[in-house]
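Structure first, commentary second.
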Amino acid sequence: MKGLIIVILVIVLLCLFIFVGAQNSQLVTVNFVIAQATLQLSTLMAIVLTIGVALGVSFVLSSWLALRVKLGLTKQKLKKLQGE
């Protein structure tokens, strides 16, 4: 049930992003450190959103991995103390 709600929420958010992106078709100039590009605003929004999601997922996964390692070490200590 929880997974279904999450899937529906993701679909609604994607539809919202597509709607907002379709309304922003203006051209914008983006100045990078060494280059310059002219992109549609919707394309720029999609790129920035993708980078943000990727960074967020990487931070969450790294902290999840650290917690899993800490949990494993704690379980080992608990087994060792229960064995004594």
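Is it fair to say GLY21 is in contact with a Leu (Cβ under 9 Å, 6 or more places away or on another chain), surrounded by 10 or more Cβ atoms within 10 Å (Cβ to Cβ), assigned to a helix (DSSP H, G or I) and not polar (S, T, N, Q)? Outline the logic, then answer.
Working: in contact with a Leu (Cβ under 9 Å, 6 or more places away or on another chain): yes; surrounded by 10 or more Cβ atoms within 10 Å (Cβ to Cβ): yes; assigned to a helix (DSSP H, G or I): yes; not polar (S, T, N, Q): yes.
Here the answer is yes, as GLY21 does meet what is asked.
Go through region 44-75 and count every residue that is of a type in the set (A, V, I, L, M) and over 30 Å from GLN26 (Cβ atoms).
We begin by selecting, within region 44-75, every residue of a type in the set (A, V, I, L, M); these are 44-49, 51, 53-55, 57, 60-61, 65-67, 69, 71, 73.
Next, from what is left, pick out any that are over 30 Å from GLN26 (Cβ atoms): 60-61, 65-67, 69, 71, 73.
Looking only at that region, the number is 8.
Conditions (1) of a type outside the set (S, T, N, Q); (2) assigned to a helix (DSSP H, G or I); (3) modelled with pLDDT of 85 or more; (4) surrounded by 10 or more Cβ atoms within 10 Å (Cβ to Cβ), marked per residue:
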{"position": "SER25", "(1), (2), (3), (4)": "no, no, no, yes"}
{"position": "ILE34", "(1), (2), (3), (4)": "yes, no, yes, no"}
{"position": "ALA37", "(1), (2), (3), (4)": "yes, no, yes, yes"}
{"position": "VAL57", "(1), (2), (3), (4)": "yes, yes, yes, yes"}
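The values are calculated or read from the model by the stated rules, or taken from the named source; none is laboratory data. Since the structure is predicted, the reported quantities are computational estimates derived from the model, not experimental observations. Here the Cβ is made from the backbone with ideal geometry for all residues, glycine too, and neighbour counts use every protein chain on show.
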